[in-house]
1. Looking at (1) open to solvent by 30 Å² or more (accessible area, probe 1.4 Å); (2) polar (S, T, N, Q); (3) not in a loop (DSSP other than H, G, I, E, B), can you tell me which one SER45 breaks?
2. Among the listed residues LEU148, LEU144, LEU168, LEU155, which satisfies the condition of being open to solvent by less than 10 Å² (accessible area, probe 1.4 Å), at pLDDT below 95 and either out of contact with any Asp or Glu (no Cβ under 7 Å at 6 or more places or on another chain) or more than 16 Å from ligand 2 (Cβ to nearest atom) (or both)?
3. When ASP68 is evaluated against the numbered criteria (1) without any contact (Cβ under 8 Å) to a residue 40 or more places away in the chain; (2) buried (at least 17 other Cβ atoms within 10 Å of the Cβ), which criterion, by number, is the only one it fails?
4. Only residues that are open to solvent by 30 Å² or more (accessible area, probe 1.4 Å) and either touching a residue at least 24 places away in the same chain (Cβ under 8 Å) or on the phi > 0 side of the Ramachandran plot (or both): list them for the stretch 121-130, please.
5. So HIS92 fits all but one of (1) surrounded by 22 or more Cβ atoms within 10 Å (Cβ to Cβ); (2) more than 24 Å from THR174 (Cβ to Cβ); what number is the exception?
6. For the condition among the polar types (S, T, N, Q) and within 13 Å of MET17 (Cβ to Cβ), what is the one hit in ASN221, ASN240, ASN183?
7. Inspect all residues belonging to the stretch 141-156 and state whether any of them is without any contact (Cβ under 8 Å) to a residue 40 or more places away in the chain and in contact with a Leu (Cβ under 6 Å, 6 or more places away or on another chain).
8. Out of the residues in the stretch 219-239 that are more than 23 Å from ARG198 (Cα to Cα) and loosely packed, with under 15 Cβ neighbours inside 10 Å, which is nearest to ligand 1 (Cβ to nearest atom)?
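The values are calculated or read from the model by the stated rules, or taken from the named source; none is laboratory data. Quick caveat, the model's predicted, so the values are computed rather than measured. Neighbour counts are summed over all protein chains in view; Cβ atoms, including those assigned to glycine, are modelled from backbone coordinates with ideal geometry. SASA here: full protein model, heavy atoms, side chains in, ligands and nucleic acids out. Shrake-Rupley method; radii C 1.70, N 1.55, O 1.52, S 1.80 Å.
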Amino acid sequence: MKIITIGNNKGGVGKTMQCYQLVCHLANLGHRVLAIDLDSQANLSSTLGVNIQRTLIPEWLIGDVKVDEVISEVSGDYDFYENVRLIASSRHMANLAKLLILSESEVRKSAGRKERLMKMRLKEIENQFDYVVIDTPPMLGDELIMSLVASDLILIPTQAQDYSIDGLEELMDTFEIIKETENPKLEFNIIPSMVNPRRKIERQRLEELSQSFNVTPMIRNLVDMQESVAMKKPVFMFNNNSKGKSAYVKLWDSLGLN
Ligand SMILES: Nc1ncnc2c1ncn2[C@@H]1O[C@H](COP(=O)(O)OP(=O)(O)O)[C@@H](O)[C@H]1O
Ligand SMILES: [Mg+2]
């Protein structure tokens, strides 16, 4: 089972977009995919057709409820949806911090540290899925850190703009700490996202980024991508003229996710 987190402490950079496209792509290849939405805004859940009143993710993480109580099928017409299961989010994700404080001593006994909870819970279901894809909220909080401790790979969508690139430093520091302490196998790749390559400044920023980091082929700012989410139709189902579709073929190939 390969675990992939999509993360960036900045919002609006395309995290949920990459999650949705990746979950659908892998399921369409025939893999059994578990999508986990850790963002209280629940955008991934609603794009996969699931809207719930109250998520039990915090209770599942601390071990109070079984995985069957948080996992659901996704809803839509596509055959490949049979291969997808979702752990859906809701506004109640915000209870996580509170519950972690209240159950601190139990967590310490079972997991040692709260950062290891996601890893423990995913270990319990490792035979049920080929891939786990985790969408995370736009902050360097417990959700993202737990996910990084559990993951093989973090994909970091980033816009080719100064503030986005400055913000990466904080995330890379966290990545290094987790790699050195809890999870030596963790790898990362940066996905340039919503790029406008006609702008010279964006091309320059990308060039600089790729000198210091592992950078994948870019995803441009495209109407296709907005339509994909609005229609709840993954971009690989678009016709062959779609620029979004060909960009994602290159992206998944470059990551060996095919
Ligand atoms: N490549 C793209 N081209 C055009 N619009 C995009 C692209 N990627 C994402 N978007 C749009 O930008 C907004 C933010 O993307 P989203 O994936 O929700 O970001 P995040 O999860 O990081 O907050 C959404 O409205 C999404 O539909
Ligand atoms: Mg999001």
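1. (1)
2. Of LEU148, LEU144, LEU168, LEU155, the one residue that is open to solvent by less than 10 Å² (accessible area, probe 1.4 Å), at pLDDT below 95 and either out of contact with any Asp or Glu (no Cβ under 7 Å at 6 or more places or on another chain) or more than 16 Å from ligand 2 (Cβ to nearest atom) (or both) is LEU168.
3. (2)
4. Across the stretch 121-130, the qualifying residues are GLU124, GLU126, ASN127, GLN128, ASP130.
5. (1)
6. The match here is ASN221.
7. Checked the stretch 141-156: no residue is without any contact (Cβ under 8 Å) to a residue 40 or more places away in the chain and in contact with a Leu (Cβ under 6 Å, 6 or more places away or on another chain).
8. It comes out as ALA230.
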